[in-house]
Amino acid sequence: MKRLLGLIDAFGSPGTTAHRLLIQDGFEIRLTPAATGETDLLLSTLLRERNERVGNGSATGEGVFDFRYGPFTGGLGETGLLHLATYGEKILGVEIDLSVKHRGIESSIEGLPPETALRKAEQVCGNFGFSHAHSLAIALEELLHVGLPLRERQLAVVALELERLYNHLHVIMRLAEAAAQKVLAAHLGALFERALRVNRAFSGSRYLLGVRRIGSLALFPQLSGSAILEELEEIGREFETLFASSLSSRNYLDRLHNIAIVPDSLAKTRSLTGPSLRACGIEDDLRRHDPLYREFVPVARSEGDSLARMEVRAEEILSSLKIIEGQREVLSSITPRQGSAVGESRHAQKATTKSENPRQESAAEAAVGAVEGPSGVIAWAVGLDSGLVRRAYVSTPSLFGYQVFAESLTGHIFTDFPFALDSFGLSFADAAR
Amino acid sequence: MNWWPMRGLTRRFTERRTYVSNLPVKPLPSLFRRSLFVYPIDLGNSNALNMDISALKTPHYNPHRVGIFFAATPRQADVLLLLGTPIAPLREALTATLHQVPRPFAAVWIPEEGPDEEGIYLTKAVEDAGGSLIATIVPYRGPEDILGVLRTAMNGRFAS
């Protein structure tokens, strides 16, 4: 990930160190010294190298045709469009058309007040919604000189890990379904639904939407913190039993082993992040730089195949539960509260003209916020003008993930398709924005 | 060693509740009283609604016990679940898909951000293809709302 780009100019003034990065059309971003140097370069790479074409080119040859898969196909679980070059069984090339799900969210954020921008950011990808809102909020808070109190930062850690938990459960459930492990898939499905209900019990929203605000969190817990912790402990025990049992199924493991192998060199050059990167043996994780993640050790494997990606996610489930347990004291302090985060967010969306709560802006033109989302790093770059968003730009993990998926799928047969795709945990909504 | 059939049965995952909707729902023809094949279509939602469709298939809801099944293709569907506010790049594909569904068919719309003028476009698109938009789920709280609308439509009770 450490790549020096010609566009980075380092300049300094007395007492500060900053990097300036030109993204596009004169939208300048100054990365502040809040993050380490390694993170600065990572974010620079992710924001600069976000490209719009995903795929490894279409193959030609005798009998080779374009198998158009999508947009409304049941196998993907989401609207998406892939062009698979094949002569019948083997996949020779993959091109992914993201335009079918492009909603123009970044441009729709321009001119909005910060609180409304957060609600829009959640819509980039609902199942990464809290990560998106948290990442954008970090950048906006920096520009507005607003701090997030310690208690809220701890609760944000809990929310991030809850989001990671249900996303990982969903990925492993999808892999079990694809492998016709119906009993395992049913039990994992039950845990997935329980995790979504824990989200609602914690925040008032199944997908933790409408929760992140500027300088605060809007939680509407429906259960006490101790009840939530009890339920999470039960989910952890159940999952450990299921996971251990699944590893004894040779049929299941055989469907994942050696599928869509990603060499670490490919992962590095394509700026892959998240569990898929850690499955290649590279232990990069933004959470290592966060002091609230005490003694955090990233989970990693080295094989880089679908099985490794599944194992990383499984262990991250258990790791997330431990991290949430580590915030027991702050969680125990929450008590049930009437209302709905989502309901409040709709109210915030109606405020589309002036900022409802004008705050002093930073002299910086723009700021960057980044979090380690369930499938990788989510980085938002944003600039403000007179209290409204002037420009917003997001780098999502799915964009880089789909590129790696396309390259790693080439050479496999069609039956390997779901095991390759689902193991990356990607979303067309996240990639297309 | 776990004997999985007993483990699942003793867990009692499936909720013991009746799913009924208080929203205005047009009843389905009696042909669909006992079983219904549903096909979800992502019209450009944030993926949260797609995840809720996955959740709907889990043992907590167990839609099979109330006669609701998920079709593999639109050609096998009785009801389409239209998820999200339709975006322009998908309109052509949506029109083509709607014309593939055998008649009679129905559609249930779940807009992600609240109904707006897209509802008029969707109603017309569904009717032009020979179907009927029987319900719009607003506000949407979770999969229980989808089950409630479908069960209400199947039972033929018109709730206002």
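The values are calculated or read from the model by the stated rules, or taken from the named source; none is laboratory data. Bear in mind that the values here come from a model prediction, so they are computed numbers and not experimental data. Every residue, glycine among them, receives a Cβ derived from its backbone with ideal geometry; neighbour counts consider all protein chains shown.
Restricting the search to helices (runs of 4 or more DSSP H) fully inside the stretch A:222-304 and requiring at least 1 residues that are crowded, with 19+ Cβ neighbours inside 10 Å and aromatic (Phe, Trp, Tyr) gives A:225-246, A:250-256.
Yes/no per residue for (1) surrounded by 24 or more Cβ atoms within 10 Å (Cβ to Cβ); (2) modelled with pLDDT of 90 or more; (3) in contact with a strand residue (DSSP E or B) (Cβ under 7 Å, 6 or more places away or on another chain):
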| position | (1), (2), (3) |
| --- | --- |
| A:GLN338 | no, no, no |
| A:ALA351 | no, no, no |
| A:VAL368 | yes, no, yes |
| A:GLY387 | no, no, no |
| A:PRO397 | yes, yes, yes |
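Taking the stretch B:92-122 as the range and being surrounded by 15 or more Cβ atoms within 10 Å (Cβ to Cβ), assigned to a helix (DSSP H, G or I) and either hydroxyl-bearing (Ser, Thr, Tyr) or within 11 Å of chain A (Cβ to nearest Cβ) (or both) as the test, the residues that pass are B:ALA93, B:LEU94, B:THR97, B:LEU98. When the stretch A:234-254 is filtered for residues that are at pLDDT below 95 and away from every other protein chain (no Cβ under 14 Å), the ones remaining, listed by number, are A:ARG250, A:ASN251, A:LEU253, A:ASP254. Scanning the stretch A:199-219 for residues that are crowded, with 24+ Cβ neighbours inside 10 Å, more than 8 Å from every other protein chain (Cβ to nearest Cβ) and farther than 15 Å from A:VAL157 by Cβ returns A:GLY204, A:SER205, A:GLY210.
Considering the stretch A:172-198 alone, what residues qualify as being more than 11 Å from chain B (Cβ to nearest Cβ) and either in contact (Cβ under 8 Å) with a residue 40 or more places away in the chain or assigned to a loop (DSSP other than H, G, I, E, B) (or both)? Residues satisfying the conditions are A:ILE172, A:LEU175, A:ALA176, A:ALA178, A:ALA179, A:ALA180.
Selection of the stretch A:96-119 for residues being touching a residue at least 24 places away in the same chain (Cβ under 8 Å) and surrounded by fewer than 18 Cβ atoms within 10 Å (Cβ to Cβ) yields A:SER99, A:GLY104, A:GLU110, A:GLY111. When you check B:ILE41 against the structure, is it at the interface with chain A (Cβ under 10 Å from one of its Cβ atoms) and out of contact with any Cys (no Cβ under 9 Å at 6 or more places or on another chain), yes or no? The answer is yes for B:ILE41.
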